[in-house]
Amino acid sequence: MPLAETGTILVDCDVHNALPSPDAIKPYLPRRWQKYHDDYGLRTRDNMAYWASRPRAMAARADAHPPTGVPPGADLPFMRDQLLNEWGTDYAVLGPINQLTFGGQPGEYGAVLTRALNDWVAAEWLDAEPRLRAGISVPFEEADLAAKEIRDRATDRRFVQVLFNMATRDPLGKRKYWPIYEAACEQGLPIAVHVAGVLSNTITGAGWPTYYLEYHFSHTQAAQSQLLSMIAEGVFEAFPELQVILMEGGFAWVAPMSWSLDKYWSKWGEEVPHLPRPPSEYIASNFWFTTQPMEEPEQPTYFKQMMSQFGLEERLLFASDYPHWDFDAPDQAIPRSVPRHLREGIYGRNAAQLFGLETKGADVAAVT
Amino acid sequence: MTAKHVVATTDEIPPQGRKIVDINGRSIGVFNVGGSYYAIRNRCPHQGGPLCEGEIVGTVRASRPGSISYDPAAAYLQCPWHNWEFDLMSGRSWFDPKRVRARQYRVSVEAGGALREESAGEGGEIPTEGPYVVESFPVSVEENYVVVHVR
Amino acid sequence: MIAELEDAQDLSSPRPATAIDCDVQLPAPTVPALRPYLPTYWCDYLRSAGFTGAHSAIRNSYPPILQRDAGWGGEETADGLSRYLGAAEASAPAGAHPQIFMCRVHTGLESIRHPDMSAALASAVNDWLADQVLTLDVRARGSIVVSPHEPELAAREIRRLGGNQRFAQVVLPVRFDQPYGERQFFPIYGAAAENGLVVAIHYGGFSVNPPTSIGWPSHYMEEYIGMPHVFQTQMASLILGGAFQEFPKLRIAFIDAGFAWLPSFMWRLDKDWKGLWREVPWVDRLPSRYVREHFRLTLSPLDGPQDATDMAQILEQMGSGSLLMYATGRPGSWAHEEATALLAMVPDGLRPGVIAGNAREFYPRL
């Protein structure tokens, strides 16, 4: 049912559309690459087993299968019904699920593939539904090619962010990724880092998880590692305007991590002389967090305590993660203990500001 | 005050079967478990998902890792969203039966003849299912009916 | 300063210690020092191979400034070791005597993959500890080192030493090649649990994997602040793997893992488990219950709130006042400073537990 609070803009910052079939990308590929795609094509090599142990077509809600028989997220009319109209969504930001397998593909093939994905998103989603926005899928392991796609694509301002997978081959603070940040800043676009992905590293710092439950739980550690890296490497000294959205990584860990960061820096900060200020400050100035999966302590008091320690409600962005099974329903996900004005921010005002979305006819300036 | 709602003939919901109906604007799932009928609100207490559309699974126990014993007889309903499991017969969640449960309704099986007499006695029509279904539920004396009791 | 054996606590009916230091760190003995405890073959082999000890790998991975602070580089003579224990004694919370010190040797053993060499070295270090350290001070307790590469050999070593009541725990590094909840490691837990030995998982270690899921971090700062993620991985793995169903008496101490992350860990794992438990049906109760029953964590400089209000909230969110144990990390100085600062923030009613009571209750041999 639509969000109960009238006058609240609803921006869903993490919605996964999907190619209806593997072949659906081919019309968007240059001809010579179509043959390559057919003959040598998309290889993923490693951790797809986790998706296989919890099928449901890439971890979808059981009721999200469109009657047309295409995968969850692949049918726009069905998505309109089940998500956009159901909740009265004003804007939804698409992250095509196929970026999880496309984004890490190597070399020119990766560039061609992600470009095709963006072309498909524009033609079959953004053109067809005015409430939709999208992330630019990029071959993030190939920085120069990714930067080119950002610069080429940014003229279409319906693309509101640059989409990375959380599973990268190196920590995101490393200089090899900096050309991508440069291009993103130049174009006024935030970076969105979404959990999972293939072609990267062992999924935890202590080896491969045994169970899907263990794997699903590990997303939050990955998000924390990326935040640590970007801060420690001085990304935000080099690019003070860069905004980074961590998606599906949770946020209850932010306050304890802030304490650790500042404690280490105050004692051993000479290791990182390029960080002139307490590193936790970068969290408040450069990071955003999507809310799904929402933190659910048993005691409502603990949620309030955690939010108070976290203190960054204006940097929370509501997300449903439709069509995945750990979906957050818009009218249920955010506890009533969050004061109304903060809740409205989380539901959409924060995102409208970040992405420069029109709200009730008045343009809101983008943060970057 | 609780009203009786006739939702199906017993044949319509065989063992392992289910029917989801609207009663007074509430979506309710009616299940046949081993010949007995149970009704649960089609709304998960977690985030409101369509609980009654979920998979039905049996009872699993494992005293140690790798030592799994399974009784496949239908016992738990899994919400299609976050997969929370609810005992079909009581509506109680598996993981916290005392504090988390799905709303359950009483179900009875009543003969058509008795229902017609009752209705005639009250001078009204036999209660129908759902706010949007206009036709009354035809009740014949030869059949038995699944009746959900809803306030 | 060092208790004479004649004044020893009667181990059969000990006076309860009023402070238990759960982590006093000793340097690894040199190969010559281990010679009396090694089989002749290994004595000769290691001499001819020029082997100087696996712990050099440790030296190479920590920033020198932290090693200096940690007081590494001392000799493992009786005098040197006495100095470590003396430093630990002097670090007791004010007014807390007598004490127990849990001694742990930095060996880097898991970096040796030769199964027989690592087993021989493990036994030698353990015998050296029993003979050279635990005899110095009756308040000292020992940690059994084993190689996680060879769980069966590790179990055998644990059983060999199980009769020596001065050993209170078995140590494993938190970083390893596979998560510790895998069934291949069960022989270690079985041997430890049946002997009343806690399994202590400590900061660091050497592994084929980087200490993250996203590659090798550049700075020690990232590795250090990120080590809790590895502890979280291991905690989840042990619970979901069913180690506590298999071994109900198994107890795990996390040494130098931090603790402020624990509430957010429990909330997330509990939430995921509610929908996904059927994959691991032996986990038949909330994962956080296993945390409270089977895990303890030491006070550590790694994290911690900045004031008493936050501390009180974190402890409340942990759901038990019994989860924290005092540890100085002596002979290092920073760890001790931080432990003192954190201890001051602990609510009065919980402080005696942190200083001694929790460890005394948790370690069957204390």
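Laboratory data are not the source of any read-out in this text; all were calculated from the coordinates shown. From a predicted model like this one, the values you see are computed outputs, not experimental measurements. Cβ: placed from backbone, ideal geometry, glycine included. Neighbour counts: every protein chain shown.
Numbers for the structure displayed
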{"item": "Principal axis dimensions, the stretch C:54-195 - Cα atoms, whole angstrom, descending", "result": "44, 35, 25"}
{"item": "Rh (Kirkwood; distinct C-alpha pairs) - the stretch C:100-179, Å", "result": "12.8"}
{"item": "Helix axis angle, B:112-122 relative to chain B longest principal axis, alpha carbon, degrees", "result": "60"}
{"item": "Positive minus negative residues near A:Gln187 (Lys, Arg vs Asp, Glu; Cβ under 15 Å)", "result": "0"}
{"item": "Ranked packing of C:31-37, C:318-324, A:113-119, C:305-311, most packed first, by mean Cβ within 10 Å", "result": "A:113-119, C:318-324, C:31-37, C:305-311"}
{"item": "Reachable aspartates and glutamates from B:Lys19, criterion Cα separation under 13 angstrom, eight or more residues apart if same chain", "result": "B:Asp11, B:Glu53, B:Glu129"}
{"item": "Other protein chain Cβ atoms within 10 Å, averaged over every residue that makes up B:81-87", "result": "6"}
{"item": "Average beta carbon contacts from partner chains per residue of C:276-288, 10 Å cutoff", "result": "6"}
{"item": "Chain C: DSSP helices with Cα axial extent of at least 24 Å and average Kyte-Doolittle hydropathy no lower than -1.0", "result": "C:220-240"}
{"item": "Top of C:Cys43, C:Cys103, C:Cys22 by mean-square fluctuation, Gaussian network on chain C, Cα under 10 Å", "result": "C:Cys43"}
{"item": "Three-way shape label, chain C, alpha-carbon gyration tensor, a/c 1.5", "result": "rounded"}
{"item": "Environment charge at C:Arg175 (Cβ cut-off 11 Å; Lys +1, Arg +1, Asp -1, Glu -1)", "result": "-3"}
{"item": "Average other protein chain Cβ within 10 Å of Cβ, residues A:246-258", "result": "4"}
{"item": "Tail fraction, Cα-Cα pairs, the protein assembly as shown, threshold 56 Å, whole percent", "result": "18"}
{"item": "Candidate lysines - alpha carbon under 20 Å from A:Lys176, same-chain residues fewer than 8 apart omitted", "result": "A:Lys148"}
{"item": "Residue of A:Met306, A:Met247, A:Met294 that the Gaussian network model of chain A assigns the largest fluctuation, springs spanning Cα pairs under 10 Å", "result": "A:Met306"}
{"item": "Listed residue (A:Leu242, A:Trp288, A:Tyr264) projecting farthest to the positive dipole end of the stretch A:236-318, Cβ model", "result": "A:Tyr264"}
{"item": "Per-residue [θ]222 nm for chain A (sum of -39500 (n - 2.57) over DSSP H runs n ≥ 4, rounded to 500)", "result": "-9500 deg cm²/dmol"}
{"item": "Cα-centre dipole for the stretch B:1-44 with unit charges at Cβ (Lys and Arg positive, Asp and Glu negative), debye to 20", "result": "220"}
{"item": "B:Val150-A:His274 pseudo-label distance in nm [points 7 Å out on the Cα-to-Cβ vector]", "result": "6.4"}
{"item": "For the protein assembly as shown, share of DSSP beta bridges that run antiparallel, in % to the nearest 5", "result": "45"}
{"item": "Sparse-neighbourhood loop sites, GluC sites (Glu not before Pro) in the stretch B:3-103 - DSSP loop, at most 16 other Cβ within 10 angstrom", "result": "B:Glu55"}
{"item": "Loop-resident sites, the stretch A:265-368, for trypsin sites (Lys or Arg not before Pro), counting at most 11 other Cβ within 10 Å (DSSP)", "result": "A:Arg336, A:Lys360"}
{"item": "Tail beyond 19 Å, pair distance distribution of the stretch C:185-272 (Cα, percent)", "result": "47"}
{"item": "Beta bridge orientation in chain A: antiparallel %, DSSP, nearest 5", "result": "10"}
{"item": "Proximal aspartates and glutamates to A:Lys267, defined as alpha-carbon separation beneath 19 angstrom and excluding residues fewer than eight positions away on the same chain", "result": "A:Glu233, A:Glu281, C:Asp69, C:Glu222, C:Glu223, C:Asp256, C:Asp303, C:Asp307, C:Glu337, C:Glu338"}
{"item": "Pairwise centroid distance, computed over Cα atoms, of the stretch A:154-200 with the stretch C:283-334, Å", "result": "36"}
{"item": "Farthest positive-ward along the protein assembly as shown dipole, Cα basis, beta-carbon charges - from B:Leu88, A:Ala351, C:Ala120", "result": "C:Ala120"}
{"item": "Residue among A:Asp144, A:Asp321, A:Asp81 with the largest mean-square fluctuation in a Gaussian network model of chain A, springs linking Cα atoms under 10 Å", "result": "A:Asp81"}
{"item": "Residue exposure sequence - C:Asp270, C:Asp303 - by fewest surrounding Cβ within 10 Å", "result": "C:Asp270, C:Asp303"}
{"item": "Surrounding net charge for A:Leu145, when Lys and Arg each add one and Asp and Glu each subtract one, Cβ distance under 13 Å", "result": "-1"}
